[in-house]
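Okay, structure first, notes after.
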Amino acid sequence: MTPPHRLPSVVVTAAVTVLLALHWWLAVSATFGKSVTADETVHLTSGYSYWRFNDYRLQPENGNLPQRWGALPLLLERPRLEPAAAPAWWSLSHVWLISQQFFFASGNDTDFMLATARATMALWSMATGLLVFGWSRRLWGNAGGLFSLTLYTFSATTLAHGPLVTSDMTVTFFLLAATGAFWRHLQRLDACSLALSLAATALTCVAKFSFLLLLPVYALLVIWRLTESAPLVAIWRGKERQLAGGWAKFTAMASSAAFHGVTAWAVIWAFFGFRYSAFAPGLPPGWKFYMPWQDILPAPGLWLSLITQARRWQVLPEAFLQGLAYVRYAASQRGAFLNGDYSTTGWVTFFPYAFMVKTFLAELGAITLAFGVVMIRWWRVGGERIVKDLRRVAPLVVLFVIYWAFSLVSHLNIGHRHILPVYPILYILAGVIIRPAASRWLYGAAVALAGLAAVESMAIRPHYLAYFNVFAGGPTNGWRHLVDSSLDWGQDLAGLAQWLRSHRQSGEPVYVGSVGMSDFRYEGIPGEPLAPYYYHYRTRRWQELKPGLYCVSATLLQDVYSSVRGPWTPAKEFAYRYLLRKMRAEIAEGKRDTQIAEFGNGPSKPLWDLDRLRFARLAQYLRLRRPDAMIGYSILIYRLSDEEVHAAVNGTAAELADAMARALQAR
């Protein structure tokens with residue numbers, strides 16, 4: 001039998017082609033029955049507006065490149081996007097209302113738009129897989145490369161986020177590519193390596209604002225290279241020159257840094273149309289961005305000074321600077337949930353925990369085995385060999401350490417997807433298990449792990465976003481541990497519609513509490529909204545709850561973004577009882593309008609507060625009660641009786657406590 005590392009190149013090429021094609025199909029086809037996720041509407045609408053109007057007022061904080069890329073099919077489809085039809089929205093840069101109209105109220109073929117955009121975005125996932133194979137093969141040979149690619153191909157993490165119209169997979173590719181290209185450039189200072197590094201670095205800058213992590217990554221790689229005894233090799237006009245002196249090395253590095261900075265600056269301007277103003281002539285005049293400058297500028301300090309001076313001197317496009325300021329503002333505080341706890345500044349343990357429960361057992365096994373292989377090797381060979389081994393994987397190690405360090409201190413703990421860039425690094429490093437010198441039992445272990453990864457992938461398909469391993473009790477218990485984009489991004493409303501067509505009893509009331517931008521009525525769900533955080537800026541009617549089907553998405557069930565989130569307390573009970581008596585009396589006497597405005601604005605604020613408290617009380621009960629069904633593991637369905645609704649909504653505190661005790665005992 002031919003060893004994997006000695007397979008003919010045609011066989012290896014065929015295997016890589018099949019795995020990449022399979023990855024693309026698994027990712028894209030899994031989205032066919034899924035609704036639009038929370039951020040996809042604004043990403044796609046914004047990208048299309050960049051191409052069509054050369055206007056950058058919409059969503060500048062999420063990466064110009066991926067937004068443009070996802071919108072490429074729309075240039076052929078030509079869906080309707082008419083700023084003149086809603087000039088006030090465009091003047092306010094109200095991307096949420098504009099995107100809602102673009103997707104659901106303009107007569108566009110939403111499903112086709114979304115499908116083609118997702119298929120296009122998945123190409124970045126294929127490209128990342130190819131990069132994983134190429135890098136792993138360079139380090140460990142054909143067998144290592146194919147093993148790394150197999151882990152990547154079947155990973156629930158890459159399959160979940162690869163096809164979505166977001167910036168996560170695009171920036172994952174470019175962070176890895178830019179780091180590798182820069183390290184290669186440091187080994188050989190020639191025109192080819194410089195051009196590759198310039199291109200990868202510059203495009204990372206328009207992929208997502210996490211490109212800023214390249215600054216410490218590059219700094220550490222430069223320090224690493226400068227401390228090595230081997231001279232730098234520079235090639236200029238076909239002549240090779242060795243730079244051995246400290247000053248010569250420093251000059252070469254400084255010149256390279258200048259080239260990188262200028263190129264990135266030029267590419268950023270190119271992606272924003274070589275115009276400072278974000279607002280294109282001929283469109284409704286821009287009065288402000290969605291979040292005005294005065295709301296998002298950082299506190300006095302270095303960042304405020306940099307952004308203020310950059311705006312004053314127009315060093316970078318206005319939309320780029322707005323996006324940078326918005327990202328810093330949004331990342332400072334954000335509601336988050338972890339294992340029943342709530343925070344607005346996050347936890348150091350959030351991403352390590354998310355990694356442990358949302359990573360395949362096969363992947364955890366491969367990572368553990370690879371670590372063991374390396375430790376045994378280092379114990380045997382000693383110090384000098386360790387230094388040489390580390391040098392081979394220097395860019396991977398540095399990128400991994402910097403990215404994890406940033407993640408641990410991040411206050412933005414809203415999704416496992418934010419550590420997506422570490423996965424390709426780990427897959428590449430896992431290839432060490434079957435390097436050419438590996439024993440037969442390691443080859444056998446690798447085959448078993450690859451097979452287990454495929455089995456785990458097929459078992460969770462097509463609900464890749466909702467994957468949780470046995471450490472969290474499997475996907476049925478995922479909602480108890482993590483929510484938001486770690487599980488519930490509004491993707492399963494289409495599945496809920498299908499379930500209701502088969503299981504709803506005639507005339508049975510349906511209440512829908514969901515997150516995200518998809519409209520449940522667009523999916524054909526005959527229900528009433530249940531305490532939504534966001535209702536597309538429409539008013540809704542206060543109504544008494546009845547026995548029926550309560551369909552609540554995981555993020556809403558945990559009430560993460562509510563002002564009254566967390567355990568039900570005596571203070572909340574008192575406020576709820578007071579408002580319930582007062583509002584019912586005013587409605588009965590005709591003194592209270594039953595319409596609730598978005599976010600409780602205006603006179604409807606008391607009803608908004610009551611609605612939030614009522615849902616918090618209901619959710620306290622539902623979190624203990626066993627659901628009657630689950631849709632994609634992200635939407636929980638409860639068929640509540642009259643007795644249950646009474647206890648959860650109208651009953652005394654003692655009645656609620658009794659109902660909760662019975663629910664807990666039954667579970």
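The values are calculated or read from the model by the stated rules, or taken from the named source; none is laboratory data. This one's a predicted model, so the numbers in the text were calculated from it and none came from an experiment. Every residue, glycine among them, receives a Cβ derived from its backbone with ideal geometry; neighbour counts consider all protein chains shown.
Only one of these is assigned to a loop (DSSP other than H, G, I, E, B) and not assigned by TED's automatic domain parsing to the domain that holds R623: G346, G365. Name it. Before the answer, list the steps.
Working: G365 fails: assigned to a loop (DSSP other than H, G, I, E, B).
Answer to the check: G346.
Conditions tested, residue by residue: (1) in a helix (DSSP H, G or I); (2) surrounded by fewer than 14 Cβ atoms within 10 Å (Cβ to Cβ); (3) modelled with pLDDT under 95; (4) not β-branched (V, I, T).
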residue: D295; (1), (2), (3), (4): yes, yes, yes, yes
residue: W303; (1), (2), (3), (4): yes, no, yes, yes
residue: V357; (1), (2), (3), (4): yes, no, no, no
residue: L369; (1), (2), (3), (4): yes, no, no, yes
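Answer yes if at least one residue in the stretch 431-452 is buried (at least 22 other Cβ atoms within 10 Å of the Cβ), under 28 Å from H481 (Cβ atoms), at pLDDT 95 or above and in contact with a helix residue (DSSP H, G or I) (Cβ under 9 Å, 6 or more places away or on another chain), and no otherwise.
yes
Out of the residues in the stretch 489-515 that are touching a helix residue (DSSP H, G or I) at 6+ places or on another chain (Cβ under 8 Å) and within 14 Å of P532 (Cβ to Cβ), which is modelled with the lowest pLDDT?
Across the stretch 489-515, the extreme among qualifying residues is V515.
Just wondering, is there one or more residues in the stretch 32-45 that are more than 24 Å from P281 (Cα to Cα) and surrounded by fewer than 19 Cβ atoms within 10 Å (Cβ to Cβ)?
The answer is yes, given that some residue of the stretch 32-45 is more than 24 Å from P281 (Cα to Cα) and surrounded by fewer than 19 Cβ atoms within 10 Å (Cβ to Cβ).
Quickly run through the stretch 368-380 and pick out the residues that are out of contact with any Lys or Arg (no Cβ under 9 Å at 6 or more places or on another chain) and without any contact (Cβ under 8 Å) to a residue 60 or more places away in the chain.
T368, F371, G372, V374, M375, I376, W379, R380
Looking only at residues that are over 25 Å from the mean Cα position of the chain (by Cα) and part of a helix (DSSP H, G or I) in the stretch 548-571, which one is nearest to R639 (Cα to Cα)?
That would be P570.
I need the full set of residues from the stretch 231-248 which are at pLDDT below 70 and in contact with a helix residue (DSSP H, G or I) (Cβ under 7 Å, 6 or more places away or on another chain), in order please.
Hit for the stretch 231-248 is L243, nothing else.
Look at the stretch 382-410 and say how many of its residues are in a loop (DSSP other than H, G, I, E, B) and hydrophobic (A, V, I, L, M, F, W, C).
1
What are the pairs, 6+ residues apart or on separate chains, where a residue within the stretch 429-447 that is touching a residue at least 24 places away in the same chain (Cβ under 8 Å) has its Cβ under 7 Å from a residue that is assigned to a loop (DSSP other than H, G, I, E, B)?
If the second residue must be assigned to a loop (DSSP other than H, G, I, E, B), the pairs left are L429/V393.
Do the conditions hold for L159, that is, is it assigned by TED's automatic domain parsing to the domain that holds A38, touching a Lys or Arg at 6+ places or on another chain (Cβ under 9 Å) and either of a type in the set (D, E, K, R) or touching a residue at least 24 places away in the same chain (Cβ under 8 Å) (or both)? Show your work before the answer.
On the way: assigned by TED's automatic domain parsing to the domain that holds A38: yes; touching a Lys or Arg at 6+ places or on another chain (Cβ under 9 Å): yes; either of a type in the set (D, E, K, R) or touching a residue at least 24 places away in the same chain (Cβ under 8 Å) (or both): yes.
Yes, satisfied.
Working only within the stretch 326-355, note down all residues that are touching a Gly at 6+ places or on another chain (Cβ under 8 Å) and loosely packed, with under 14 Cβ neighbours inside 10 Å.
Residue satisfying the conditions is T344 alone.
Somewhere in the stretch 78-93, is a residue modelled with pLDDT of 95 or more, surrounded by 24 or more Cβ atoms within 10 Å (Cβ to Cβ), on the phi < 0 side of the Ramachandran plot and over 21 Å from the mean Cα position of the chain (by Cα)?
Within the stretch 78-93 (the criterion being modelled with pLDDT of 95 or more, surrounded by 24 or more Cβ atoms within 10 Å (Cβ to Cβ), on the phi < 0 side of the Ramachandran plot and over 21 Å from the mean Cα position of the chain (by Cα)), the answer is yes, since at least one residue qualifies.
Could you check A280 against (1) small (G, A, S); (2) modelled with pLDDT under 95; (3) crowded, with 17+ Cβ neighbours inside 10 Å and say which number it fails?
Here A280 clears every test but (2).
Quick check: anything in the stretch 50-57 closer than 30 Å to A446 by Cβ and surrounded by 18 or more Cβ atoms within 10 Å (Cβ to Cβ)?
no
Output the number of the condition that N413 fails; it satisfies all remaining conditions of (1) in contact with a strand residue (DSSP E or B) (Cβ under 9 Å, 6 or more places away or on another chain); (2) more than 26 Å from T344 (Cα to Cα).
All conditions are met except number (2).
Restricting attention to the stretch 572-625, and to residues there that are surrounded by 15 or more Cβ atoms within 10 Å (Cβ to Cβ) and not in a helix (DSSP H, G or I), which single residue is nearest to the chain's Cα centre (by Cα)?
My answer is R623.
Could you pull out the residue among V18, V10 that is part of a helix (DSSP H, G or I), over 30 Å from T157 (Cβ atoms), out of contact with any helix residue (DSSP H, G or I) (no Cβ under 9 Å at 6 or more places or on another chain) and of a type in the set (V, I, T)?
V10
Quick one: would you say T41 is touching a helix residue (DSSP H, G or I) at 6+ places or on another chain (Cβ under 6 Å) and part of a loop (DSSP other than H, G, I, E, B)?
For T41, the condition - touching a helix residue (DSSP H, G or I) at 6+ places or on another chain (Cβ under 6 Å) and part of a loop (DSSP other than H, G, I, E, B) - is not met.
From the residues in the stretch 415-432 that are within 26 Å of G490 (Cβ to Cβ) and not in a loop (DSSP other than H, G, I, E, B), which one is nearest to the chain's Cα centre (by Cα)?
Going through the qualifying residues, I end up with R417.
Pick from Q491, Q498: which is closer than 23 Å to P526 by Cβ and surrounded by fewer than 22 Cβ atoms within 10 Å (Cβ to Cβ)?
None of the others qualify; the one that does is Q498.
Being surrounded by fewer than 21 Cβ atoms within 10 Å (Cβ to Cβ) and under 18 Å from A629 (Cα atoms) narrows it down to one of E528, E523, E508, E456, so name that one.
Answer to the selection: E508.
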